[in-house]
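Quick notes on the structure that follows.
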Amino acid sequence: VNAAALELPDRMEAAAEWFEHAYAEGWTDGLPVLPPTREAVERALLAAGRDPDEVVATLAPRLAPATVRQVAACAVMAGCRPAYLPAVLAAVDAMSDPAYDLGAVNTSSAPVAPMLLLNGPVIGEVGLNVRWGHMGPGFRANATIGRAVNLVMTIVAGRRPGDLSMSTHSQPGQYTFCIGEWEERSPWEPYHVEHGFEAGDSCVTAFAVLGTTGVIDFTSRTADGLLTTFASSITAIGTPHQFPRFGASPVILALCPDHADKLAAAGCSKADVKREVFERTRRQPLELWPQELRESFLASGRAVDGAVPMLAGPEQVEVLVCGGLSGLHTVFMPTAGFSQPRTRRIGPAGGGAPGRG
Amino acid sequence: MAVSLVSPAPAPMGRAAHVAERLAGLEGRRLGVLVRWWRFDELAAELGRALPGTQVRTAPGDAAEDVGTWASGLDAAVLGVAAGGARTYWTVRSWAAFQGMGVRSVLVTAKPYVRQASRLAEEWGFREVPQVAVPHPFHELSPRRLELLARRLVPRILEALAGAE
């Protein structure tokens, strides 16, 4: 069961032969993958301490059961070290939560991808990069944990472009997107603590993001200036949270430590930042929008007194602190309106959450 | 050199799901129209005019549990418009749930999403999913074109819901 034998001519040819085989089977994202040998998968399973036949989740849109063994095979193929598998399993579990709406995420015509956020001791344990260049290449844990989850989506869940997935553009995050907070450098409590977990819990949160937008502010000397800059990124016409049907989707501000420092030095708590960004997005004049959108806002009752609130409340603003020092670049990430982030504790048996379980 | 591999793919699921039978007729029956896209309710009104003696009820929204409760009081249903990837997924999910309840149903699907709807149903074990295709984007049709389209759709919808195979 779940086994195949492949004759490989010699060690140098084997990798290329294997990749052709994997590509023909639909077992890759287009980039080379490692072969999920029995030995490699066994090593990963040992690290996870889970029953290989246990069904982690039923994954939409195929509604296919994903076993621990299959997820382990995907993790090996992605290049994960065995120690990464518990995070991958917890992420897959989080994405199967009905509130995440994996079926919609994996079939949507929007450019949506899973973005995984790690918090807690796991960051140090797996060597996740949370500093310079943490959203980009060069770091094995970031690259392969996110990639493993995306391979599960492609191979098990059936996220095939033009088939079950109708994403018009897709986006690079469908290869891999795994980040963490630089918790020691943040002036505020980390994301998982904000949402009810203990600081010592290792957690993964799955978001469904629609991309990344750089937000540069070298010049603001006050918190007010910075907060206005951040809010402006959220009010662009066409972002999903402005549409009446998608009004509750979270917006993520991944603040660089320098921006976070400036806000904290001005006396802002994380709750203050969320509230102030919300306040600055509340009254967007109706005349800014094209006529059809204006009519839509008016018909839905979302427009009040000639203005449109872009967010439903401060809790919709998610604030993270990560990235390198001295760059003064923050990243804004809208999320798919139909998907709510879900958090899982990382451990041998997974685990739900007080707040986002 | 032989290498033993663990397949990352799930075993073939071999599902076989039942498509609800066509009704003999819609006279006196309860027909539901699930409105998942702007302006689809205008089609519901046209169906009501075309089917005297049939109770036509509409339901909005995407909440699967609410839709299930609503459908439990129906004999047949029209779901649409399946347009956009996620919306097509939600619509086919509802359609599949209706099959389990024995509610004969037809999808009204925007042309670019007909294949996706068929593939979703196939993955879930259905040998077919009754669909009638409409232009895309549906919600941009003028009121006059929408009215004409609704008239054209009615006989195709009736054929999918009732009468001989």
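The values are calculated or read from the model by the stated rules, or taken from the named source; none is laboratory data. Quick caveat: nothing in here was measured; it's all calculated off a predicted structure. Using ideal geometry, Cβ is built from the backbone for each residue, glycine included, and neighbour counts are taken over all protein chains shown. For accessibility, only protein heavy atoms count, side chains too; no ligands or nucleic acids. Shrake-Rupley method; radii C 1.70, N 1.55, O 1.52, S 1.80 Å.
Some notes on this structure:
- Residue check for B:ARG57: open to solvent by 80 Å² or more (accessible area, probe 1.4 Å), away from chain A (no Cβ under 14 Å) and in contact with a strand residue (DSSP E or B) (Cβ under 6 Å, 6 or more places away or on another chain): yes
- Checking A:GLY127 against (1) open to solvent by 30 Å² or more (accessible area, probe 1.4 Å); (2) of a type outside the set (Phe, Trp, Tyr); (3) within 13 Å of another protein chain (Cβ to nearest Cβ); (4) on the phi > 0 side of the Ramachandran plot, the condition it does not meet: (3)
- Whichever residue in region B:28-52 is part of a loop (DSSP other than H, G, I, E, B) and in contact with a Leu (Cβ under 8 Å, 6 or more places away or on another chain) and, among such residues, is surrounded by the most Cβ atoms within 10 Å (Cβ to Cβ): B:ARG36
- Considering region B:100-124, the residues that are at pLDDT 95 or above, more than 9 Å from chain A (Cβ to nearest Cβ) and assigned to a helix (DSSP H, G or I) include one that is surrounded by the fewest Cβ atoms within 10 Å (Cβ to Cβ), namely B:LYS111.
- Flag for B:ARG127 being farther than 26 Å from B:ALA16 by Cβ and away from every other protein chain (no Cβ under 14 Å): no
- Contact map, region A:176-197: residues that are crowded, with 23+ Cβ neighbours inside 10 Å paired with residues that are modelled with pLDDT under 95, Cβ distance under 9 Å, separation 6+ or inter-chain. Pairs shown: A:HIS192/A:ALA353; A:HIS192/A:GLY355; A:HIS192/A:ARG356; A:PHE197/A:ALA353; A:PHE197/A:PRO354; A:PHE197/A:GLY355; A:PHE197/A:ARG356.
- Every pair of residues 6+ apart whose Cβ atoms lie under 7 Å, when the first sits in region A:313-326 and is open to solvent by 10 Å² or more (accessible area, probe 1.4 Å) while the second is acidic (Asp, Glu) and assigned to a helix (DSSP H, G or I): A:LEU325/A:ASP258; A:SER326/A:ASP258
- Breaking point among (1) within 11 Å of the chain's Cα centre (by Cα); (2) farther than 16 Å from B:LEU23 by Cα; (3) in a helix (DSSP H, G or I), for B:LEU79: (3)
- Given (1) in contact with a Ser or Thr (Cβ under 8 Å, 6 or more places away or on another chain); (2) over 28 Å from B:ARG127 (Cβ atoms); (3) within 14 Å of chain A (Cβ to nearest Cβ); (4) open to solvent by 10 Å² or more (accessible area, probe 1.4 Å), index of the condition B:ALA2 fails: (1)
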